Structures are given as structure tokens and as C-alpha cells.
1. Name the single residue, out of those in the range 229-270 being outside any loop (DSSP other than H, G, I, E, B) and in contact with a helix residue (DSSP H, G or I) (Cβ under 8 Å, 6 or more places away or on another chain), that is most open to solvent (accessible area, probe 1.4 Å).
2. State whether the residues of the range 54-68 include one that is farther than 28 Å from Val4 by Cα, at pLDDT 80 or above, of a type in the set (A, V, I, L, M) and open to solvent by 30 Å² or more (accessible area, probe 1.4 Å).
3. Of the residues that sit in the range 155-183 and are open to solvent by less than 60 Å² (accessible area, probe 1.4 Å) and small (Gly, Ala, Ser), which one is nearest to Leu136 (Cα to Cα)?
4. Would you confirm, using the coordinates I've provided, whether Glu46 is in a helix (DSSP H, G or I) and open to solvent by 30 Å² or more (accessible area, probe 1.4 Å)?
5. Just one of the numbered conditions (1) at pLDDT below 75; (2) assigned to a loop (DSSP other than H, G, I, E, B); (3) touching a helix residue (DSSP H, G or I) at 6+ places or on another chain (Cβ under 8 Å) is not true of Ala179; which one?
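The values are calculated or read from the model by the stated rules, or taken from the named source; none is laboratory data. None of the values given here were measured: they were computed from a predicted structure. Reconstructed Cβ throughout: ideal geometry from the backbone, glycine too, with neighbour counts over all protein chains shown. Keep in mind that these areas ignore ligands, DNA and RNA; they rest on the heavy atoms of the full protein, side chains included. Shrake-Rupley method; radii C 1.70, N 1.55, O 1.52, S 1.80 Å.
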Amino acid sequence: GRLVALASTDSSRWPDSMPALLNAVLLPFWLVFILCTVAVWVGVAEALAGVVAACALVLPVKRCGDAMRRAQKAKSEAADARLKRSRELVSGIRAAKLMGWEASFVDEIRGTRAVEERRLRDFWMNFSAATAISSLAAVASLLASTAASLLVRGRPLGLADTFLAVSLYKILAGHVMEAANSAATIAQLRVAFKRFDDFAALAAEDVVAPPTPPPPGADADVLAAVSGDFGWDEHAVLRGCDVALRRGSLTVVCGAVGAGKSTLLAACLG
């Protein structure tokens, strides 16, 4: 399930995120351009007030982006679990039918899907909030410039200055709105990179070497021998295990589900 998600979804995040990353890089340059233009034609105080009002909206947009990143991470983990369970059900459909396990599998798949839907809903709710906040940039900038003109010059902006400021602040608002898209895309990209890094780190983990053949003169009949405690993820399943499998012998390992049969075989294989 994790491999399917990495190949089908996470691998496409990087090419899809290039326009959003470009907009994030260009946003400071647009801020400087609009600040200088409004300062020359309208006034320095009005320009500073308008740009500061627009920049003040970037902080809540960033917080929405952080919330989107957390939601995307949880959604990806839930998608991995759902794909894993779905693949297990499809590949073992004969056993599931014979044992009557369909209902339990379907309930588990629906449970992971419900978690995925909640996280996806959280993601798009924060995205909608970021977009709504960004859409207020033009109005906030114009109000701030008008207030600055009243405080500094004692009069509101003139008609020509107002139209010029509105045109420039609309451009600025468009790029601040793109910042919301960039925050969402960058959040998804960071999660995808982290998932790829975690997957690549698996190759660097220490792998227990399989048991070596007995040296000459030793008991050559022993094919595999294990001794000690064995388990998964630092959780011991077999304790005090001491087993030697000899050549030509038939050894049967039986036990209940979860008793450690697979753990014993894995220990024999190293």
C-alpha cells in the first residue's frame, strides 16, 4: 500500500508544485515593485501602510499552511493503511470468502477511509480559510492607504490615486492569494519528500546476517540454529528460544495465530 501511494500520488507532487514554488519566489519581488510604484505616485506612508496590511495577512495564511501540512501527513498515512488492507483483501479473496472475513476487512477499510476523509476535509477547510483571508488583501491595503493619507495629509486619497492604488493592490492581492495555493502545495510537497526520505532510509537500516554454515569439524547435521529472544519492532515474541534444525529431520511448527511461528522462521533465516 505504501509503495502504491508513493508511486501514484507522492511522485507527482514535485512536477505539479513547480508553478506554486515559482509564485512563492516571485512574491517578494512583487511586494517591492508595488511598494515603490505606490510610493512614487501616491506617497510613501500610503504605500507602506498598504503593503504592510497585505503582508499582515501572510501570517494567518502560513498558519493555515502548517495545518494543511499536518492534515496531509495524516491523510497519507491513512491512505497507506487503506491501500494495504484493500490489496490484502483482493489478493486473498479466496481465503476471505472461505473464512467469512469479508465483513471484518470491509469494516477496517471503511474505518481507514473515514480517517482519510476527515483529514482531507481538514486540509480543504484550511485551504478555503487561507484563500478567503488572501482575498481580503486588496480591500485591507486600500483601507490602510486611505487611513494613512488621512493621518499624514489630513485628506483621503484622490480619485486618480485611488484608482491607481486599487489596480496595484489587486495585483498584490492576486499574488497573496497565490501564496495560499503555494502554502498548500508546499505542505503536500514537504510531506511527500519526508515519506520518500523515510522509505529511502529503510535501505540504511542494519540487517541481521543469516546464520553461517557450521565450520569443518562441527556438527554438520545442523542446518539452522537459533538461540535467544526474537520479535518485531523491539517487541519480543519468542523468549528463551533454543532450536536446532538437523539435516534429514522433519520438524513441524504449530501454534495459534500470533504465537510466533513466522518469527521463528524469520529467526532461522537471519
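1. Trp232
2. Looking through the range 54-68, at least one residue is farther than 28 Å from Val4 by Cα, at pLDDT 80 or above, of a type in the set (A, V, I, L, M) and open to solvent by 30 Å² or more (accessible area, probe 1.4 Å).
3. Result: Ala173.
4. no
5. Single failed check for Ala179: (2).
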